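Input: a single structure, listed below in structure tokens.
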Amino acid sequence: MAGRTLYDKIWDDHVAHQADDGTCLLYIDRHLVHEVTSPQAFEGLRMAGRPVAAPDKTIAVPDHNVPTTWDREDGIDNEESRIQVEALDKNAREFGVVYYPVNDIRQGIVHIVGPEQGWTLPGMTVVCGDSHTATHGAFGALAHGIGTSEVEHVLATQTLIQKKSKNMKVEITGKLAPGVTAKDITLSVIGATGTAGGTGYVIEYCGEAIRSLSMEGRMTVCNMAIEGGARAGLIAPDATTFAYCKGRPEAPKGDMWDTAQAYWETLFSDDDAHWDKVITIKGEDIAPVVTWGTSPEDVLPITASVPAPADFEGGKVDAAARSLDYMGLTPGTKLQDVKIDAVFIGSCTNGRIEDLREAAKIVEGKKIKDNVTTAIVVPGSGLVRLQAEEEGLADIFKAAGFEWRLAGCSMCLGMNPDQLGPEVRCASTSNRNFEGRQGRGSRTHLMSPAMAAAAAVAGKLTDVRDVK
Amino acid sequence: MDKFEKLTAIAAPMPLINIDTDMIIPKQFLKTIKRSGLGVSAFYEMRYDMDGNENPDFVLNQDAYRDASILVAGDNFGCGSSREHAPWALLDFGIKCVISTSFADIFFNNCFKNGILPIVVTPDQLAILMDDAQKGSNARMVVDLENQVVESSDGVQIPFDVDPHRKHCLLNGLDDIGLTMEKAGAIEAFETQMAEARPWV
Ligand code: SF4
């Protein structure tokens, strides 16, 4: 048999039915559910009188709409948000799926909770009505976002109708320079390929720089595969993966663990596997980066200057002009001279313990600059929050002038009250800098947690390598 | 889902590239627990000013395009989130077909689940259709799914590809879940075999 990629192997092990035209029913091992994209799906089941096919493989948690302020026990003020969270509560209980309600310490952003609880394991198929499901690919799981009709389809049948994507290899060779993190890798890849560069592909990230990342870093890389247009991002499981999974509440135990690990060790791309597209980037060439525009592909090293529309070609010329206007930036301005008003550290990209450690290291013993009027740290889950509090990170952030919050999506997209006003410029560790993403008219610069922390202290976009 | 009938309609030009799902339907409208009623909020931030008044420059606010059922848009349409609210909003506005040189994967899938036909054309073909769409309400484009061809108002015929299964479902208004349920036997057999092979799952 010809060599197969990791994607090929996981795919082959999950085809429950194949039609003559190649359309497959892919069996789904884990279905994660949140309150925004599921109400219409549960309603569809109810109307058709269908049960959830595999409630023990369906995990629900509210995250997008939940307040992150400390008074959230008192309930949600916004009526629509409250109705949506209540709908999830009702649906989860009525259909008997696994559920972590708002007041459960395990509640958090769905893509942080899944791995943390051990629901996400190598070789699985994982879906969620959320594009950043790609995060779970860090475990060597085939994980991607689906729409609400597909959520209903998975709830009803535990399968998804799929056609196979093409295989793309993104290799990051060598070592990363000091101050360069997983976020810089993933942003730099999108900068190189564009937001449509991965369309039609499943990406496997490999190479020494990827291998040396922790699971947290790998999740950051895979999280943004979707920003590059790919259906999913994958990293082959290895000793780092197994060490992370072992002992998690939902991970296999004892002999079952050994059986599972033996299978997981077969999950890698064969040397003679076929790749439809290959991209190689030298780890040493990656610098700490920020985005300047309103598309995640608008990436530049922090040492660069704001580009001009004329620096681009085709449709990108107009798009860049529009972005610069929206962002209130003048071509030629040094990125390091761009002042900021707000800092957001959190999201499913960078809301894990290691992210908070990196940011805390930078702000320790310092104060955020006066012109930074909003600075919040939102842990990705209740358990991340507890751990950060135990490690003293929360105190470091608070002493520096940050607000320390409860877990949720928060200012990543501001469906809850955590929103920015028009023209407020934010250094953000989230994944999307789209127009209006953090609040209508707000301006988002994406970067790593360390870079966001450095920006908070300097009051402007800053090279983390210059922070003493 | 309604059947996708042959469509003769006004097409609105949106030459911008990377129109993302946050633009198509911003987050504040994702709080609904229904599928309907999103049409008035489609393209909200481009369509209305801060006070909620219509922005006269936005294409769908122009009289010629208020009744458009086709969008002709720049590359990488629908990138961003998985929100099915994006196709729901388009459909509720009356859009049944979107034509571009490429679409984001999840948005593309979501269209078919809601009876919207996304059509991929080459850059040259897009230029022809974009010009045609600029002509306003006097020009009607024809989208013939059965024969897989788009016809501009002056008769230029542009053939397009579509997945046969999806075409069948669109033309007949078929619901995927019902079709999959017919394969329950295969799914059960797979589950039995999987319980042996990967019992920890
Ligand atoms: S943190 Fe942001 S990107 Fe992640 S699931 Fe929440 S809203 Fe989506």
Please arrange B:Leu90, B:Leu126 by counting, for each residue, the other beta carbons lying within 10 Å of its beta carbon, fewest first. B:Leu126, B:Leu90
The stretch B:116-201, Rg to Rh (Cα coordinates; Rh as Kirkwood inverse mean 1/r): 1.27
Can you give me the C-alpha center-to-center distance between the stretch A:109-156 and the stretch B:121-180, rounded to a whole angstrom? 33 Å
Mean separation of Cα contacts under 8 Å (6+ apart) over length of chain B, as relative contact order %: 26 percent
Semi-axes (Å, rounded, descending) of the ellipsoid equivalent to the stretch A:139-225 per its C-alpha gyration tensor are 29, 14, 12
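Let's test the formula: R0 of 45 Å, r as the Cβ-Cβ distance of A:Ala192 and B:Asn138. What FRET efficiency results, to the nearest 0.05?
Numbers: r = 44 Å, r/R0 = 0.99.
Calculated value: 0.50.
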Going residue by residue through the stretch A:421-437, the Karplus relation 6.51 cos²θ - 1.76 cosθ + 1.60 with θ = phi - 60° gives ³J(HN,Hα) values, rounded to whole Hz and with x marking Gly or Pro, of x, x, 6, 6, 9, 10, 8, 10, 8, 7, 10, 10, 10, 4, 3, x, 4
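Checking the table B:Lys27/B:Lys167; B:Lys27/B:Lys96; A:Lys164/B:Lys167; B:Lys3/B:Lys34 against a 24 Å threshold on Cα-Cα, which pairs fail? Don't jump to the answer; show the numbers that get you there.
Working: B:Lys27/B:Lys167 31 Å; B:Lys27/B:Lys96 22 Å; A:Lys164/B:Lys167 18 Å; B:Lys3/B:Lys34 21 Å.
Check vs 24 Å cut-off fails for B:Lys27/B:Lys167.
Just to be sure I understand: of the beta bridges DSSP finds with both ends in the protein assembly as shown, what percent are antiparallel, rounded to 5? Kindly include the intermediate steps, with their values, before the conclusion.
Numbers: 23 of 76 bridges.
If we restrict to bridges inside the protein assembly as shown, about 30 percent are antiparallel.
Mind checking Rg over Rh on the protein assembly as shown, alpha carbons, Kirkwood formula for Rh?
Numbers: Rg = 23.7 Å, Rh = 25.1 Å.
Rg divided by Rh gives 0.95.
Charges at C-beta only: +1 for Lys and Arg, -1 for Asp and Glu. How large is the resulting dipole of chain A about its Cα centre, in Debye rounded to 20?
On the way: 46 positive and 64 negative charges, 133 e Å.
That gives chain A a dipole magnitude of about 640 debye.
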Distribution of pairwise C-alpha distances over the stretch A:138-290, 5 Å bins, in %: 2, 9, 17, 19, 19, 16, 12, 6, 2, 0
For the pair A:Trp257/A:Asp272, report the inter-label distance in nm, with labels modelled 7 Å from Cα in the Cβ direction. 3.7 nm
Just to verify a number: FRET efficiency for B:Val149 and A:Glu265, C-beta to C-beta distance, R0 = 41 Å, to 0.05? 0.20
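Take peptide A:432-444, look around each residue's Cβ out to 10 angstrom, count Cβ atoms belonging to other protein chains, and average those counts. Write out the running numbers ahead of the final one.
Details: counts 6, 0, 10, 6, 9, 6, 1, 2, 6, 2, 0, 0, 0.
Going residue by residue through A:432-444 and averaging, the value is 4.
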Please identify the GluC sites (Glu not before Pro) of the stretch B:164-201 that satisfy two criteria: DSSP loop assignment and at most 10 other Cβ atoms within 10 Å. Which are they? B:Glu182
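Suppose only helical runs count, i.e. DSSP H with n ≥ 4. What mean residue ellipticity at 222 nm does that imply for chain A under -39500 (n - 2.57) per run, divided by all residues and rounded to the nearest 500 deg cm²/dmol? All intermediate terms of the calculation are to be shown ahead of the outcome.
On the way: 16 runs with 150 residues, N = 468.
Dividing the helical sum by the residues of chain A leaves -9000 deg cm²/dmol.
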What is the log10 of I(q)/I(0) for the stretch A:102-181, computed with the Debye formula using one identical point scatterer on each Cα and no solvent, at q = 0.15, 0.20, 0.23 Å⁻¹? -0.69, -1.03, -1.19
Separation of the A:Asp12 and B:Lys3 label points, Cα + 7 Å toward Cβ, nm: 4.3 nm
Projecting the Cα atoms of B:Pro199, B:Val162, B:Met181 onto the charge dipole of the stretch B:135-201, where Lys and Arg contribute +1 and Asp and Glu -1 at Cβ, the residue farthest towards the positive end is B:Val162
Of all the C-alpha pairs in the stretch A:318-381, what % are more than 16 Å from each other? 62 percent
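Give me the percent relative contact order of chain A, please, defined on Cα pairs under 8 angstrom at least 6 residues apart.
Values: 1139 pairs, mean separation 80.4, N = 468.
Taking the mean separation of contacting Cα pairs over the length of chain A, I get 17 percent.
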Counting alpha carbon pairs within less than 8 Å and at least 6 residues apart, what relative contact order, in whole percent, applies to the stretch A:232-390? 14 percent
Other-chain or far-sequence residues with amide H under 5 Å of A:Ala143's (modelled H): A:Val126, A:Gly137, A:Gly233
Globularity ratio of the stretch A:236-389, using Cα Rg and 2.2 N^0.38 Å: 1.45
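Equivalent-ellipsoid semi-axes (√(5λ), Cα gyration tensor) for the stretch B:6-197, whole Å, largest first? List each step's numbers first, then the result.
Numbers: eigenvalues 199, 98, 39 Å².
So the equivalent ellipsoid measures 32, 22, 14 Å along its semi-axes.
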Taking max minus min of the Cα coordinates of the stretch A:1-45 on each principal axis, largest first, gives extents in Å of 45, 24, 13
Ranked by GNM mean-square fluctuation in chain B (Cα springs under 10 Å), the top entry among B:Ala104, B:Ala64, B:Ala184 is B:Ala184
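Quick check for me: using +1 on Lys/Arg Cβ and -1 on Asp/Glu Cβ, what's the dipole size of the stretch A:240-281 about its Cα centre, in debye to the nearest 20?
Working: 4 positive and 8 negative charges, 69 e Å.
Its charge dipole is roughly 340 debye.
Every number in this text was worked out from the coordinates using simple rules, so none of it is lab data. Predicted model only: the values in this text are computed from it and were never measured. Cβ atoms come from the backbone with ideal geometry, glycine included; neighbour counts cover every protein chain shown.
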